[in-house]
2 protein chains.
Amino acid sequence: MDFPIQNLIYLAPVAGAIALIYAFATTAWIGGRDPGNERMQGIASQIHRGAMAFLAAEYKVLAVVVVVIAGMLAFLYRDSTDSSWTVGLSFIVGALCSALAGYIGMRVATKANVRTAAAARGGLAPALTVAFRGGAVMGMSVVGLGLIGFGGLFLVYLGAFDALADVDGAAFQFGRVINMLAGFSMGASSIALFARVGGGIYTKAADVGADLVGKVEAGIPEDHFLNPATIADNVGDNVGDVAGMGADLFESYIGAILGTMILGAVAVSGRLEAAVLPLVIAAAGVVVSVIMTFFVKTREGGNPQVALDVGAFGAAILMVPISWFIIDYCIASAASHGTPMVMFAGGEPMTTKALMAAMVAGLVAGVAIGLVTGYYCSKGKRPVNSIVEQSGTGPATNIIAGIGVGFESTAVPILLIAAAIFVANHFAGLYGVALAALGMLSTTGIQLAVDAYGPISDNAGGIAEMSGLPPQVRERTDMLDAVGNTTAAIGKGFAIASAALASLSLFAAYRNLAFKPGDVLALTDPEVLIGLLLGGMLPFLFSAMAMKAVGAAAMDMITEVRRQFREIPVLRQALALVVKAEHEGRDLTAEEDREVLAAGAKTEVERCVAISTQASIRRMMAPGILALVAPVLVGYWSPFALGGLLAGTLVSGVMLAIFMSNAGGAWDNAKKQVEDQKKDKSALVNTGKGSERHKAAVIGDTVGDPFKDTAGPSLNILIKLMTIVAVVIAPLIGRL
Amino acid sequence: MDFPIQNLIYLAPVAGAIALIYAFATTAWIGGRDPGNERMQGIASQIHRGAMAFLAAEYKVLAVVVVVIAGMLAFLYRDSTDSSWTVGLSFIVGALCSALAGYIGMRVATKANVRTAAAARGGLAPALTVAFRGGAVMGMSVVGLGLIGFGGLFLVYLGAFDALADVDGAAFQFGRVINMLAGFSMGASSIALFARVGGGIYTKAADVGADLVGKVEAGIPEDHFLNPATIADNVGDNVGDVAGMGADLFESYIGAILGTMILGAVAVSGRLEAAVLPLVIAAAGVVVSVIMTFFVKTREGGNPQVALDVGAFGAAILMVPISWFIIDYCIASAASHGTPMVMFAGGEPMTTKALMAAMVAGLVAGVAIGLVTGYYCSKGKRPVNSIVEQSGTGPATNIIAGIGVGFESTAVPILLIAAAIFVANHFAGLYGVALAALGMLSTTGIQLAVDAYGPISDNAGGIAEMSGLPPQVRERTDMLDAVGNTTAAIGKGFAIASAALASLSLFAAYRNLAFKPGDVLALTDPEVLIGLLLGGMLPFLFSAMAMKAVGAAAMDMITEVRRQFREIPVLRQALALVVKAEHEGRDLTAEEDREVLAAGAKTEVERCVAISTQASIRRMMAPGILALVAPVLVGYWSPFALGGLLAGTLVSGVMLAIFMSNAGGAWDNAKKQVEDQKKDKSALVNTGKGSERHKAAVIGDTVGDPFKDTAGPSLNILIKLMTIVAVVIAPLIGRL
């Protein structure tokens, strides 16, 4: 061997280090920006402290969960010769890396928000830069810690178990080490689930609570600083959309890499190359992402959308030739050692073209699903128009229309996923399906930067509003916020499609790890069918828990805000002034403004933050434990039933996730579309703010909140967490 | 052979004839009851004519559909030696029998409603008798025509193809004939789907439209005769809940019998007995049902619930010893001919105890699911209480709570279905699973009588209201209506559980008919996975179509009612009078009453009926065709993918069906519970009619209407129709 292929593994932690260096440098850069005036800093500090308090409380609970699970894993693996500590250790390292990435990302995001608002006073271009770089820290922390942790652990195990010895012999132990890494993925998935569910409950309890008491009951504008739940709402944006999404993509990313590696090691001959390939592609994706961040900038008066597209799409497009080169190198390397890459089932050696076709099929499906998602959620398109139209007859028809749109929106994405599976499998079997998922996720670094840029801009707008900055500042932050939406919709499409494909590859990995080649997970086996039905039910039960948690937590919040409105006299008077001015359609007088400002200082913001924090942490436990325990219980009863369980959860979980995300997005934009329309008081064409149609649209938007921000995104993780749990316990329950 | 077992087949048409004789005699008896005063007869006649006009219009369209499909079946089967005409013929006969049963049942139901109202003037007991017997005609027509058609066709084919020759030889053709009968089941399923979807669109378009314009916009009470959509609403109850449900149970019934017969003939040795057994049990169930109808009666002041329970549960309990006897006889007969009943896969001969255990597992699961359904939808229980509580903060939290309840309600039923499958399979393999479904459906005759009794009582109440009968009459009809709900909930549980089990047995039948024993529908086969995802998506797309159809049809209705309210001057004045009196909390004066009555005669009821009819028939086509075409397209691409498609549709279809039915039921009763509560104007404990909480609850109820009466019940049929289509095309696409 001239150049041993396994040396390429070192590229993963090296690329991870590059990403982390970028993240630290950017963090320092952001810290040096102007944090705005005293009032802005005061608000930002409240948000920052609230977010950090939540993270501290959450991680305290999760630390216990992680230790307990790691102990259980060690216990279950006690009879396994070398794995008893490795699986538990991998689990802890995975959980730690994910949690650390969340911590870094959120810390910076809650500093970038106010600096974006401050920069927006000077123009759109500097604001875009601050907001995007804030998101980029999250993105690079995730992929950086992911590759360092995962790749580093891999190298440690390879060394510790001398797993690269006897590369071409029968005793080759390379695959065994890859299986130890499943614990890392499970640790990341566990943190992701709790972060998504907890963050989702937090953000929507605060949002729904703030809106219902503030906007609906008291009649004051959204995001008004007299509403003590507003800060909690802003904290929620960070907790849910920054930390929650970061953890989500962290586990997707690792899951896709791991799934490809396992299938490469188990099902493909020339397996050293097949298993190293995904790590190299991931490493390349990180470097490409870092480079492309420098191209995200706009001139004053330019379109920020273009800047973001250049970054995200540019990175994806750049990955195509780079992947070609990597794949070609790996295939050639395998062939040169006399073990050409071949699926065990097939016969023909794989070609670079075939593997690229599989990967590109995933990429194309991901983008197309993103575009379809955008279509279903965009203002002015048929689906949102139909909701707007049906809102004219009240909330009931608005809700029916929204649910109809959400249901319908499952059709095309599923056809696209099916097509991607068909193509990827046609060219490269299940390894190809895994590669398709990896293709979508290789540029996670910059995709997540764009995603996290959204809530930072959103927060910047809230801070601008609450601290009374001039209207043009708010306009600029609104513009930043709006352009993030399209890219975010595409990101959502990627997330769902990659979750489906990644869990398919993990599912195939489970099958290979748990059963002999002759054993079949037959659909007509009653145990499989029982598992299928139970698995199909779990996403519904899980969503019910999440939605009920939001409802109950929102009630806690509502009760607290009502209490403050009732019991704080100056607040009550200030509310009356604001409502009166709103009603008369005028601004507050200078004297009124002073009075209202003074009252704002009397709101007990911390109590609202504390309520959201406690409620979300308490209520994230039950759904989280369900997701962890269900596959273990079913698996120990029957590994066949567990196979059915995974397939059932995949099917109904993907449908519900698409349904809930898109219905929520469509309701949201239907409301915005109604608000854009001119007000007309006549009964038949009522529309615009304050009309009956608008009231109906606001109700739909509120229903959609827990759909799209709590239950929907959590389902992606549920599917993958259950599958990775199955992979981890496969050697224990399997029939090998 | 002393007494040839095949002679028992004759029992099926004989029992069917008994049921039809009962139906005709009861029809005559109902015709002889007092049809009430002129005004009642006028209203009843409008409902009757509306219902019949719908049926005529629907059947005209379906006739074309049936002929086209029969022709296509004959074309597809053109190369098959003896089946080219039989499958098409079976299809036509099945469709005809189902349509005829719907016609008879609805004709009588729309005569029984007014006679129930008239009888209620004399007391509760006679009213119960009329309403129940009206429902019994529907029930007995369904099982009677089912057994005559299915059993008769079976006998004809047996004779025509000399299929009983060579009973113990290799050339035994008995199974081939059973497969020809799949066309009958497909015909029944096709009619059922269109009837359920069309009827569901009709009833909810009228209901939602009438409520939104009448109750919400104009402020007049529900069911008021000034509302021209009220008659259409009453027609809808018959169209949806009588004809739709009749066709639904017709196909469930036939599907369960057929599934058991196919599995008996294909997978069980001693197959003659195994295939005849379900027909004999069905025949016995019909006779038991007829007998038990005579026990449904109550004393004045007695509880009508008890009367219905005696009938429905009595029949189910009575079936246990009778089934034991039948099963014992068949097992003994098989053993005496040297071919004991044995699953091919197993080895031990089946015992009476084992088969009974399978059947009773189904019965117990069905009843338990019914009780759980009742729990989730009942006033005063935790789920409905939680919706009532969350309605206090407005429609948004009401909707979120209802969806949460619906999602959660899938859990226990699925566990029960899984348990039933486990037990039935443990004792008697997939044949046992089929038997479990059959056990639930053997007493369909009386179950359907109880179900159809509900809308008849509901209609009677509406007629009493509209024709101004004394309040105690309305109280009596309300009591009749209310007690039907519990039994109906249990019936719904039976329907869902039996649909799941019956389609599992048909699914197994498909597998056996399409593949060689060595071929496996492996969950890890990409084609199966693609099918699984597509199948999981179909119920969502189908539900979206159904819900959008309701929304669009309701809009048509709303536009028409608004037009009448606007353009008919006397109507406008009368509305003002009613609203004023309502507002002042007083009854109308005698003079006002006359004026309002006169205005009522000016409403253009027929236009509303025509709008509902046209809208529902036009809009039922797309979802119906989707259900018929999807399995054919996928099946011709890959029979493996079709297997996945069926499993996917089963999983997500059952979940959505339970979710939608229960969420709808829970919203309905949450609204009723709010109405029962005292009115209290304070902001925090607002409740009772007219409160904000009530408005929120009404919105939830309206959203739930298309859930529970259109999309939800149609999904059961979708699942089974797709499976039976697969069974029918299995010989054409299979790999045998």
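Here is how the numbers come out for the structure above:
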{"quantity": "Chain B: calculated mean residue ellipticity at 222 nm from DSSP helix runs of at least 4, using -39500 (n - 2.57)", "calculated": "-28000 deg cm²/dmol"}
{"quantity": "Contour excess over end-to-end distance, with Cα ends at residue A:563 and residue A:61 and 0.36 nm allotted per residue", "calculated": "177.8 nm"}
{"quantity": "Karplus-derived 3J(HN,Hα), 6.51/-1.76/1.60, for each residue of region B:402-410, Hz, glycine and proline x", "calculated": "x, 5, x, 4, x, 4, 4, 5, 6"}
{"quantity": "Global geometry of chain A, whether rounded, prolate or oblate, following the gyration tensor of its Cα atoms and the 1.5 cut on a/c", "calculated": "prolate"}
{"quantity": "Approximate spin-label separation residue A:637-residue A:382, in nm, with each point projected 7 Å along Cα-to-Cβ", "calculated": "4.4 nm"}
{"quantity": "Shielding of B:661-674 by partner chains, average beta-carbon count, 10 Å", "calculated": "0"}
{"quantity": "Kirkwood-based Rg to Rh ratio, region B:479-562, C-alpha trace", "calculated": "1.18"}
{"quantity": "Three-way shape call for region B:303-376 based on the alpha-carbon gyration tensor, with the a/c threshold at 1.5", "calculated": "oblate"}
{"quantity": "Ranking of B:453, B:431 by count of other Cβ atoms within 10 Å, fewest first", "calculated": "B:431, B:453"}
{"quantity": "Prolate/oblate/rounded label for the protein assembly as shown (Cα gyration tensor, a/c 1.5)", "calculated": "oblate"}
{"quantity": "Charge tally in the Cβ shell below 12 Å around residue A:490, where Lys, Arg are +1 and Asp, Glu are -1, residue A:490 excluded", "calculated": "-1"}
{"quantity": "Net dipole in debye of the protein assembly as shown [+1 Lys, Arg Cβ; -1 Asp, Glu Cβ; about Cα centre; nearest 20]", "calculated": "700 debye"}
{"quantity": "Euclidean distance of C-alpha centroids, region B:565-587 and region B:417-442, integer Å", "calculated": "58 Å"}
{"quantity": "Sorted peptide list for A:718-724, B:424-430, criterion being average Cβ within 10 angstrom, highest first", "calculated": "A:718-724, B:424-430"}
{"quantity": "Cross-link reach list, aspartates and glutamates versus residue B:672, counting only Cα pairs under 12 Å and skipping chain neighbours closer than eight places", "calculated": "B:701"}
{"quantity": "Residues whose placed amide H lies under 5 Å from that of residue B:687, excluding near-sequence neighbours", "calculated": "B:680"}
{"quantity": "Sites matching trypsin sites (Lys or Arg not before Pro) across region B:560-655 that sit in DSSP coil, with at most 11 neighbouring C-beta atoms within 10 Å", "calculated": "B:586"}
{"quantity": "Cα long-axis angle, helix B:182-210 against chain B (0 to 90 degrees, to the nearest 10)", "calculated": "10 degrees"}
{"quantity": "For residues of A:510-523, the mean tally of beta carbons on other chains within 10 Å", "calculated": "3"}
{"quantity": "Helix A:590-600 axis, angle to chain A major axis (alpha carbon atoms, nearest 10°)", "calculated": "40 degrees"}
{"quantity": "DSSP-assigned coil residues among trypsin sites (Lys or Arg not before Pro) in region A:44-153, each with at most 15 further Cβ atoms within 10 Å", "calculated": "A:78"}
{"quantity": "DSSP-assigned coil residues among chymotrypsin sites (Phe, Trp or Tyr not before Pro) in region B:625-670, each with at most 13 further Cβ atoms within 10 Å", "calculated": "none"}
{"quantity": "Tilt relative to chain A, helix A:712-733 - C-alpha long axis, 0 to 90 degrees, to 10", "calculated": "30 degrees"}
{"quantity": "Cross-link pairs beyond the 20 Å C-alpha cut-off, checked among A:215/B:215; A:204/B:695; B:111/B:602; B:204/B:671", "calculated": "A:215/B:215; A:204/B:695; B:111/B:602"}
{"quantity": "Residue mean of other protein chain beta carbons inside 10 Å, A:699-705", "calculated": "5"}
{"quantity": "Formal net charge of residues neighbouring residue B:602 (Cβ-Cβ distance under 13 Å; K, R +1; D, E -1)", "calculated": "-2"}
{"quantity": "Cut-off 11 Å between beta-carbons: net charge of the residues surrounding residue B:188, Lys and Arg +1, Asp and Glu -1", "calculated": "-1"}
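All of the numbers you see were taken from the coordinates with simple rules; none came from a lab. The shown structure was predicted, so the numbers you read here are calculated from the model rather than taken from an experiment. Glycine gets a Cβ as well: all are built from the backbone with ideal geometry, and neighbour counts include every protein chain shown.
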